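Throughout, read-outs are computed from the coordinates displayed, never taken from laboratory work. None of these values were measured; they are calculated from a predicted model. Here the Cβ positions follow ideal geometry from the backbone for every residue, glycine too, while neighbour counts run over all protein chains shown.
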Amino acid sequence: MNAMLETPELPAVFDGVKLAAVAAVLYVIVRCLNLKSPTAPPDLIYQDTALSRFLLKSCPLLTKEYIPPMIWGKSGHIQTALYGKMGRVRSPHPYGLRKYLTMSDGATATFDLFEPLADHCIREDVTMVICPGIANHSEKQYIRTFVDYAQKNGYRCAVLNHLGALPNIELTSPRMFTYGCTWEFGAMVNYIKKTFPLTQLVVVGFSLGGNIVCKYLGETQANQERVLCCVSVCQGYSALRAQETFMQWDQCRRFYNFLMADNMKKIILSHRQVLFGDSVKQPQTLVDSDLSRLYTATSLMQIDDTIMRKFHGYSSLKEYYEKESCLHYLHRIYVPLMLVNAADDPLVHDSLLSIPRALSEKQENVMFVLPLHGGHLGFFEGAVLFPEPLTWMDKLVVQYTNAICQWERNKSQCSDTEQAASGQE
């Protein structure tokens, strides 16, 4: 009799366990997807100038909430993973012409040139010179999406293909792209300036490309001639500072480091014959022992120390990182400069963001834009689950450059009016 009275209590116990398990799973999901994180306009750090006030009026995205897809968009890891795996959604296929430039050391630089598909907002000739992220090129989906959008807004686009990154282009000298080498980017810019003598330039860099374009502009004042503005998205600013954070498991950076190192190894090994072959003069003697160390490397730092620094004759990894980073060149940039990062970028440690923050607090031409979400080059937008083809990043870069173009046109018109008035006097 007692046993019969106790049996109804068993399902209640099991139901309690199930509810607890469901609650635990939901808690983990909420935490991992960061669902409780609010949406907000990006954090902006800038000097109060006539230009910054004009930008705030002309660029609604700077003061508007960035709203990522509700279910997964607040997770920097998922945004980064989606960018890394599929790039973009329903990416277009813009048509461009591939150009080949022979460098002084025998290397062959390539870039793709895309003509505008509409009139520009100020009806001027403006060319975007674009430097992609690490081991990327014009065929990557996030680049294709951005180029197509820029073309439709009246921009000619020139996209650098990092030396050695294109799978169907052989190296013609024993050298690949590095973290901060500006040679190929500079050659592309010079080609554009000579071929289109009336065009003005907008300089855009993504991730590692952001480091290259900022370093290029800061290397010499002449590099800033005919440049309207520069936009850098998701770069880390200092490889020397970043190397310590990249070895930490916090935010899974050590895991990302391993994945990127594995990709770099595949690219280097695809050019093994040129880089390590006996028939080619080798840069600072890349030897079989370097190849052996490359096979066992599990981080970008090991690859940089074993291979990459030797392309330019650096004696140590520290010297390579110090001289290849844009950190020491940023203060020499005088054109309008927008630096964009995401607060939840798992690749860029929060400590590195003190660099653009401090720069924008000191220099009037710099604006630092920091949305809460976006991951590394993600910045997807969407209602609930499915992202839109265009990202917040694509729209912001074009919106900002449109505003800069309008600002420069207004200045030019004011100058012409003043000259005309003085001539009448």
Completion exercise
Looks like region 298-343, by Cα gyration tensor root eigenvalues a ≥ b ≥ c and the a/c under 1.5 rounded cutoff (else prolate when a/b is bigger than b/c, oblate otherwise), is oblate
Exercise for the section: Can you pull the one-decimal nm distance between simple spin-label points at residue 247 and residue 199, each 7 Å off the Cα toward Cβ? Expected result: 4.3
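State the antiparallel share, in %, of DSSP beta bridges confined to the chain, rounding to the nearest 5. Please list the in-between numbers first.
Working: 14 of 38 bridges.
Restricted to the chain, the bridges split so that about 35 percent are antiparallel.
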Problem - Packing-based order for 120-127, 343-350, 75-82, using average beta carbon neighbours within 10 Å, highest first - result: 75-82, 343-350, 120-127
Handout entry: For q = 0.13, 0.19, 0.26 Å⁻¹, Debye-computed log10 I/I(0) when each Cα of region 223-282 counts as one equal scatterer
Key = -0.66, -0.86, -1.03
Completion exercise
So, with points 7 Å from each Cα along the Cβ direction, the residue 170-residue 240 label distance in nm works out to 4.0
Practice task
Sum up the charges of everything whose Cβ sits under 9 Å from the Cβ of residue 178, counting Lys and Arg as +1 and Asp and Glu as -1, but leave residue 178 out.
Solution key: 0
Completion exercise
Expressed as a whole-number percentage, the relative contact order of region 281-365 with C-alpha contacts under 8 angstrom and at least six residues apart is 22
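How many percent of all Cα-Cα pairs in region 249-389 sit more than 25 Å apart?
Details: 4716 of 9870 pairs.
The proportion of pairs with Cα distances above 25 Å equals 48 percent.
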Completion exercise
With the dipole of region 219-311 defined by +1 on each Lys or Arg Cβ and -1 on each Asp or Glu Cβ, the option from 259, 289, 246 whose Cα lies farthest towards the positive pole is 259
Problem - Extent along principal axes [Cα atoms of region 121-202; Å; largest to smallest] - result: 43, 28, 21
Exercise for the section: Kindly express, to the nearest 10 degrees and within the range 0 to 90, the angle between helix 253-270's C-alpha long axis and the longest C-alpha principal axis of the chain. Expected result: 50
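Of the peptides 364-375, 249-260, how do they stack up when ordered by the mean number of other Cβ atoms within 10 Å, highest first? Write out the running numbers ahead of the final one.
Values: 364-375: 23.2, 249-260: 15.2.
In decreasing order of mean packing, 364-375, 249-260 become 364-375, 249-260.
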Fill in the blank from the handout: Farthest towards the positive end of the dipole of the chain, among 93, 333, 35 and with Cβ unit charges of +1 on Lys and Arg and -1 on Asp and Glu, lies the Cα of 93
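Do you know the relative contact order of the chain, to the nearest whole percent, from alpha carbon pairs under 8 angstrom that are 6+ apart? Before the final figure, lay out each step's value.
On the way: 773 pairs, mean separation 97.0, N = 425.
Relative contact order of the chain: 23 percent.
At a temperature of 4 °C and a viscosity of 1.567 mPa s, determine how fast the chain diffuses translationally according to Stokes-Einstein, using the Kirkwood radius over alpha-carbon pairs as Rh; express D in µm²/s, rounded to the nearest whole number. Could you put the intermediate results ahead of the total?
Working: Rh = 23.3 Å.
Result for D is 56 µm²/s.
Just flag the GluC sites (Glu not before Pro) in region 143-252 sitting in loop per DSSP whose Cβ has no more than 13 other Cβ atoms within 10 Å.
On the way: sites: 170, 184, 219, 225, 244; in loops: 170, 225.
Of the GluC sites (Glu not before Pro), the ones in loops of region 143-252 whose Cβ has at most 13 other Cβ atoms within 10 Å are 170, 225.
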Completion exercise
In nm², the average projected area of the convex hull spanned by the Cα atoms of region 313-408 is 8.8
Handout entry: Among 383-396, 287-300, the order from most to least packed when residues are scored by Cβ within 10 Å on average
Key = 383-396, 287-300
Handout entry: Antiparallel %, DSSP beta bridges [both residues in region 113-240], to 5
Key = 10
Fill in the blank from the handout: For the chain, the dipole about the Cα centre with charges only on Cβ (Lys and Arg +1, Asp and Glu -1), to the nearest 20 debye, works out at 480
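Once the Cβ-Cβ distance between residue 115 and residue 334 is put in as r, and R0 is 51 Å, what FRET efficiency do you end up with, to the nearest 0.05? Can you show the working numbers first?
Values: r = 30 Å, r/R0 = 0.58.
Once the sixth-power term is evaluated, E becomes 0.95.
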Exercise for the section: Run down the lysines and flag those whose C-alpha is under 26 Å from the C-alpha of residue 318, throwing out any fewer than 8 positions away in its chain. Expected result: 215, 265, 266, 281, 310
